[in-house]
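The values are calculated or read from the model by the stated rules, or taken from the named source; none is laboratory data. Computed from a predicted structure; not experimentally measured. Here the Cβ positions follow ideal geometry from the backbone for every residue, glycine too, while neighbour counts run over all protein chains shown. Accessible surface is based on the protein model in full, side chains and every heavy atom, while ligands, DNA and RNA are left aside. Shrake-Rupley method; radii C 1.70, N 1.55, O 1.52, S 1.80 Å.
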Amino acid sequence: MLAIIDYDAGNIRSVEKAFLYLGQETVVTRDRDEILAADHIVLPGVGAFGDAMEKLAAYNLTGTIREAVEKSIPFLGICLGLQLLFEDSEESPGVPGLGLLPGHILRIPDTAGLKIPHIGWNSLALRADGRLFEGIPEESYVYFVHSYYLRADDPAIVKASCEYGTQIHASVESGNLFACQFHPEKSGETGLKILKNFLKAGRD
């Protein structure tokens with residue numbers, strides 16, 4: 001069973017549909033026991049950092065997420081779900097993130113010829129040891145929608161990056177904690193392969 005954490009995020013249904021397409025039994029839930037009983041957990045996200053942290057707290061999900069990560073249940077953050085795993089965001093000054101990984105969320109710098117938000121396809125520079133990217137060619141294209149990006153403190157956790165006015169840390173991995181700034185559920189066959197690779201992850 002895969003649990004998608006329900007905190008009123010905008011892309012929950014598209015994530016659910018992608019996993020159902022892959023034949024994965026899936027539940028959309030904010031129930032602690034259901035989440036912690038799952039074999040895999042996904043934290044989706046579209047929206048503002050501060051609003052999202054407020055909803056996670058209101059639904060008593062922050063402790064559940066930390067407990068799931070401590071139990072080493074394979075966990076995937078997508079888009080805003082990646083950003084929430086880190087310490088803070090320039091989008092919502094003074095609002096702490098979950099702090100499960102070291103790093104900060106910054107606004108994409110204004111650059112001549114580039115629109116913000118960053119919407120569309122961008123190629124990835126991959127590191128050889130990223131489990132999400134097993135069998136995926138270098139420079140594969142994935143789909144982004146975001147105005148803020150991750151700058152991770154620990155370069156060792158960064159498994160994919162891209163360029164859009166700056167270097168964007170596009171995917172990270174630490175133990176069984178995975179996250180993507182891009183939307184694998186909207187990234188065609190490459191995205192489905194990434195989700196399949198996530199489903200292959202087992203508890204450490």
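Descriptive notes on the structure:
- Of all residues in region 142-165, those satisfying the criterion of being open to solvent by less than 80 Å² (accessible area, probe 1.4 Å) and not in a strand (DSSP E or B) are Ser147, Asp154, Ala156, Ile157, Tyr164, Gly165.
- Here is the figure for region 166-197: residues that are farther than 19 Å from Gly120 by Cβ, part of a strand (DSSP E or B) and out of contact with any Asp or Glu (no Cβ under 9 Å at 6 or more places or on another chain) total 2.
- Taken as a whole, the condition of being closer than 22 Å to Gly50 by Cβ, buried (at least 22 other Cβ atoms within 10 Å of the Cβ) and in contact with a Phe, Trp or Tyr (Cβ under 8 Å, 6 or more places away or on another chain) applies to Ile105.
- Scan of region 166-180 for residues that are closer than 18 Å to Ser89 by Cα and either free of Cβ contacts under 8 Å to residues at least 40 places away in the same chain or of a type in the set (Gly, Ala, Ser) (or both), ordered by number: Gln167, Ala170, Ser171, Ala179
- Here is the figure for region 9-52: residues that are outside any helix (DSSP H, G or I), under 16 Å from the mean Cα position of the chain (by Cα) and not hydrophobic (A, V, I, L, M, F, W, C) total 6.
- Of the residues Tyr164, Tyr143, the single one that is closer than 22 Å to Val42 by Cα and modelled with pLDDT of 95 or more is Tyr143.
- Test result for Ala68, farther than 29 Å from Thr190 by Cα, more than 14 Å from the chain's Cα centre (by Cα) and assigned to a helix (DSSP H, G or I): no
- Among residues of region 52-68 that are open to solvent by 50 Å² or more (accessible area, probe 1.4 Å) and at pLDDT 95 or above, those with a beta-carbon under 6 Å from a residue that is not in a helix (DSSP H, G or I) and not aromatic (Phe, Trp, Tyr) at least six positions away or on a different chain give the pairs Lys55/Asp8; Tyr59/Arg30.
- Answer residue from region 21-47, given it is closer than 18 Å to Ala179 by Cα and modelled with pLDDT of 95 or more and is most open to solvent (accessible area, probe 1.4 Å) among those: Asp39
- Inter-residue pairs, beta-carbon under 6 Å, first closer than 18 Å to Gln167 by Cα and in region 112-134, second in a loop (DSSP other than H, G, I, E, B) and open to solvent by 80 Å² or more (accessible area, probe 1.4 Å), 6+ apart: Ser123/Glu139; Leu126/Glu138
- Condition broken by Glu139, with the remaining ones in (1) under 16 Å from Leu85 (Cα atoms); (2) assigned to a loop (DSSP other than H, G, I, E, B) satisfied: (1)
- The lone exception for Ala9 - which of (1) within 23 Å of Ile157 (Cα to Cα); (2) modelled with pLDDT under 95 it fails: (1)
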